[in-house]
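What follows is a single structure, written as structure tokens, with notes after it.
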Amino acid sequence: MQRLNKTLCKEFIQYPEKVLQFGEGNFLRAFADWQIDQLNQLTDFNGSVVAVQPRGSGKIKILNEQDGLFTLFLQGMKDGKPVNEHTIVKSISRGIDLFSDYASFKRLAKAEELRFIISNTTEAGITFDEGDRLEDMPQKTFPGKLTAFLYFRYKAFASDAEKGCIVLPCELIEENGRKLKETVLQYAELWKLEEGFTHWIHYANLFCNTLVDRIVPGFPVGASEELTASLGYEDRLLVAGEQYYLWVIEGPEYIQNELPFAAAGLNAIITGDLTPYRTKKVRILNGAHTAMAPVASLYGLHTVREAAENNVTGRFVEELISEEILPVLNMKELTPYAEDVLNRFKNPYLKHYLQSISLNAVSKFKTRNLPTLQAYVKQKGRLPERLVFALSALIYSYWNGRYEPEDDADVLAFFQAVWSAKKEDMVQASAAILGEERLWGMNLNDLPELTERTAFFLRTIHERGMEYALKECCMKRGVSNERDHENSSKR
């Protein structure tokens, strides 16, 4: 069977390269690249994306072999009806492997048409490393790579203000644009770049805070053969996402002239303040995702839908949202959004694997759940039991051999070292983990009773298992044995 490439796609058009994208993963392709494809089809945007990888280079090779093309399945509710549809996304022109072809990366900085830079390198991606150097090919960190690229562009166009870029980071951290800009300026100082470059960063480039929302489980594992047969071609970058999406960009109105979302009828918002959009989405949807993943995985489940529909884990997630997340958010109309989120979790088309949510789980908990935990303690004067339980499950998941989170090697090594040294004393183990400020940005032992409560949950999970711990520690109002037995029998 022939592989997907431009010879199979009659609508293939080579657009000018207007977008540099750091990240070639499932989310950006199903979210940003799909919207750019829509802009090309429905407006005069007339631009393509060049993708570079923040980490390994396997997908870049496949992307080039497929001429930047990939198939996107959009599955879920649309206009009140369940819809499963697919399209070939044609907005990516090529990928650049930074490890084997850094020269092309430098040449791209000289491209006249380039205007936008998009990224999604997870919450752990916007980071500063004093070991990064301008001479590296490539730099280790995403901001290091970005600083080098902008410096190459600054030099190539002799500080021309018209050649600056609009930077749209999609990492789910608060004020992602501001923090990315600050990190770029840190590198400019570290590398002793001329003052003119720093000035050019300020006046010629726009770093926007953004919020993104679309559940993208990725490649539909287990259905690839069936889907390939139905498509009539092989696509090694096949990706599935839900119908719902939202892109909120905090910035001046003129962005709408350059990215004509409204003209294309896309659900993208240009606003002067994205704070309420971000708080609602990150605390409820992402917070619930991050909390459920270790709990449901240790319970023996595999997907978000299984977790949401299971009587025990589903109750846990519902009560987490209704009793601990929503009460500390000083916002209107939260309940309808929370109900929509729970329904999105139960999307019958999507297999959103809990394992995929575990990438950089600690940094995700810090960003998505820790603010809720702190706000709850401040407002209620006590700990949020379910959120503390989720934190305990996350910690235990880093120790448990069955469930293997993906994280930086030094983070994984730290957890294992604590487990090896202190597993006989859960209070000491809990204190060591919660006291590691590089993980949490603070010493969590300072929160009253958190150390002891976490130790209790860790001990219970370790000695009695997740099912017992979840029912006895968190299900305050009891669980129907009959319904739970029915759900358990399905696992």
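The values are calculated or read from the model by the stated rules, or taken from the named source; none is laboratory data. This is a predicted model, so every value here is computed, not measured. Cβ coordinates were reconstructed from backbone atoms using ideal geometry, including for glycine residues, and neighbour counts include every protein chain displayed.
Taking segment 404-428, which residues are of a type in the set (S, T, N, Q) and within 21 Å of L359 (Cβ to Cβ)? Walk me through how you get there before you give the answer.
So in segment 404-428, the residues of a type in the set (S, T, N, Q) come out as 416, 420, 428.
Hit for segment 404-428 is Q416, nothing else.
For segment 352-374, state whether one or more residues are of a type in the set (K, R), surrounded by 19 or more Cβ atoms within 10 Å (Cβ to Cβ) and assigned to a loop (DSSP other than H, G, I, E, B). Explain how you work it out, then say what you get.
Our first condition is that a residue be of a type in the set (K, R); within segment 352-374, this holds for 364, 366, 368.
Checking which are surrounded by 19 or more Cβ atoms within 10 Å (Cβ to Cβ) leaves us with 364, 366, 368.
Still in the list and also assigned to a loop (DSSP other than H, G, I, E, B): none.
There is no residue in segment 352-374 that is of a type in the set (K, R), surrounded by 19 or more Cβ atoms within 10 Å (Cβ to Cβ) and assigned to a loop (DSSP other than H, G, I, E, B).
Looking at the structure I just gave you, is E406 assigned to a loop (DSSP other than H, G, I, E, B), more than 18 Å from G465 (Cα to Cα) and assigned by TED's automatic domain parsing to the domain that holds V377?
Values: assigned to a loop (DSSP other than H, G, I, E, B): yes; more than 18 Å from G465 (Cα to Cα): yes; assigned by TED's automatic domain parsing to the domain that holds V377: yes.
The answer is yes for E406.
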Exactly one of T71, T43, T87, T7 is of a type in the set (S, T, Y), within 15 Å of V239 (Cα to Cα) and surrounded by fewer than 17 Cβ atoms within 10 Å (Cβ to Cβ), and that one is T87
In segment 47-75, the residues that are part of a helix (DSSP H, G or I) and under 20 Å from the mean Cα position of the chain (by Cα): G58, K59, I60
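Name the residues in segment 99-119 that are within 22 Å of the chain's Cα centre (by Cα) and free of Cβ contacts under 8 Å to residues at least 60 places away in the same chain, would you? Steps first, answer last, please.
Taking segment 99-119 first, the residues within 22 Å of the chain's Cα centre (by Cα) are 116-119.
The answer is none; no residue qualifies.
Identify, from the list S93, S100, the residue that is part of a loop (DSSP other than H, G, I, E, B), of a type in the set (G, A, S) and either outside the structural domain of K351 (by TED's automatic domain parsing) or surrounded by fewer than 20 Cβ atoms within 10 Å (Cβ to Cβ) (or both). Before you say what the answer is, go through the steps one by one.
On the way: S93 fails: part of a loop (DSSP other than H, G, I, E, B).
The match here is S100.
Taking segment 173-200 on its own, how many of its residues are of a type in the set (A, V, I, L, M), within 26 Å of I269 (Cβ to Cβ) and in contact with a Lys or Arg (Cβ under 9 Å, 6 or more places away or on another chain)? So that I can check it myself, show each step before the final result.
Start the filter on segment 173-200 by keeping residues that are of a type in the set (A, V, I, L, M), which leaves 173, 180, 184-185, 188, 190, 193.
Going one step further and asking which of them are within 26 Å of I269 (Cβ to Cβ), we end up with 173, 180, 184.
Now drop any that are not in contact with a Lys or Arg (Cβ under 9 Å, 6 or more places away or on another chain), which leaves 173.
Residues in segment 173-200 being of a type in the set (A, V, I, L, M), within 26 Å of I269 (Cβ to Cβ) and in contact with a Lys or Arg (Cβ under 9 Å, 6 or more places away or on another chain): 1 in total.
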Looking at segment 227-284, which of the residues that are among the aliphatic types (A, V, I, L, M) and exposed (fewer than 14 other Cβ atoms within 10 Å of the Cβ) is modelled with the highest pLDDT? A262
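Mind checking which helices (runs of 4 or more DSSP H) fall wholly inside segment 422-491 and carry at least 1 residues that are loosely packed, with under 13 Cβ neighbours inside 10 Å and modelled with pLDDT under 95?
By residue number, 437-440, 450-464, 466-474, 481-489.
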G381 is checked against (1) on the phi < 0 side of the Ramachandran plot; (2) free of Cβ contacts under 8 Å to residues at least 40 places away in the same chain and fails just one. What number does that condition carry? (1)
Looking only at segment 44-55, decide whether some residue is among the aliphatic types (A, V, I, L, M) and more than 30 Å from D408 (Cα to Cα). no
Regarding A413, is this residue at pLDDT below 95, hydrophobic (A, V, I, L, M, F, W, C) and part of a helix (DSSP H, G or I)? yes
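Table: residues versus (1) outside the structural domain of L180 (by TED's automatic domain parsing); (2) among the hydrophobic types (A, V, I, L, M, F, W, C); (3) assigned to a helix (DSSP H, G or I); (4) more than 30 Å from I357 (Cβ to Cβ).
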residue	(1), (2), (3), (4)
T7	yes, no, no, yes
E11	yes, no, no, yes
Q21	no, no, no, no
F27	no, yes, yes, no
A30	no, yes, yes, no
D37	no, no, yes, no
Q41	no, no, yes, yes
F45	no, yes, no, yes
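Can you tell me which residue among K192, K145, K163 is surrounded by fewer than 20 Cβ atoms within 10 Å (Cβ to Cβ) and out of contact with any Ser or Thr (no Cβ under 9 Å at 6 or more places or on another chain)? Write out each step before concluding.
Details: K145 fails: surrounded by fewer than 20 Cβ atoms within 10 Å (Cβ to Cβ); K163 fails: surrounded by fewer than 20 Cβ atoms within 10 Å (Cβ to Cβ).
It is K192.
Taking segment 157-194 as the region of interest, how many residues are within 11 Å of T147 (Cβ to Cβ), touching a residue at least 24 places away in the same chain (Cβ under 8 Å) and either among the aliphatic types (A, V, I, L, M) or part of a helix (DSSP H, G or I) (or both)? So that I can check it myself, show each step before the final result.
Keep residues of segment 157-194 that are within 11 Å of T147 (Cβ to Cβ), which gives 180-181, 183-191, 193.
From what is left, the residues that are touching a residue at least 24 places away in the same chain (Cβ under 8 Å) are 180-181, 183-184, 186-188, 190-191, 193.
Cutting the leftovers down to either among the aliphatic types (A, V, I, L, M) or part of a helix (DSSP H, G or I) (or both) gives us 180-181, 183-184, 186-188, 190, 193.
Selection size over segment 157-194: 9.
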Can you tell me which of I60, I117, I88, I13 is touching a helix residue (DSSP H, G or I) at 6+ places or on another chain (Cβ under 8 Å) and more than 21 Å from I249 (Cα to Cα)? I13
Among the candidates D33, D67, D37, D101, single out the residue that is of a type in the set (D, E, K, R) and at positive phi. D67
Which one is modelled with the highest pLDDT among residues in segment 382-402 that are surrounded by fewer than 20 Cβ atoms within 10 Å (Cβ to Cβ) and within 21 Å of A413 (Cα to Cα)? W399
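Out of L354, L334, L370, L301, I need the residue that is under 21 Å from L450 (Cβ atoms) and aliphatic (A, V, I, L, M). Which one? Break it down stepwise before answering.
On the way: L354 fails: under 21 Å from L450 (Cβ atoms); L334 fails: under 21 Å from L450 (Cβ atoms); L301 fails: under 21 Å from L450 (Cβ atoms).
Every option except L370 fails the conditions.
Residues checked against (1) within 25 Å of L370 (Cα to Cα); (2) among the β-branched types (V, I, T); (3) within 22 Å of the chain's Cα centre (by Cα):
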site	(1), (2), (3)
G131	no, no, no
P138	no, no, no
P143	yes, no, yes
A148	no, no, no
K163	no, no, no
V167	no, yes, yes
C170	yes, no, yes
Set F22, F27: member being in contact with a helix residue (DSSP H, G or I) (Cβ under 8 Å, 6 or more places away or on another chain) and touching a residue at least 60 places away in the same chain (Cβ under 8 Å): F22
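I'd like to know if segment 333-342 contains one or more residues that are closer than 19 Å to P217 by Cβ and more than 19 Å from the chain's Cα centre (by Cα). Step through it out loud before you land on a result.
Step one: list which residues in segment 333-342 are closer than 19 Å to P217 by Cβ, which gives 340-342.
With the extra rule that they be more than 19 Å from the chain's Cα centre (by Cα), the set shrinks to 340.
Looking through segment 333-342, at least one residue is closer than 19 Å to P217 by Cβ and more than 19 Å from the chain's Cα centre (by Cα).
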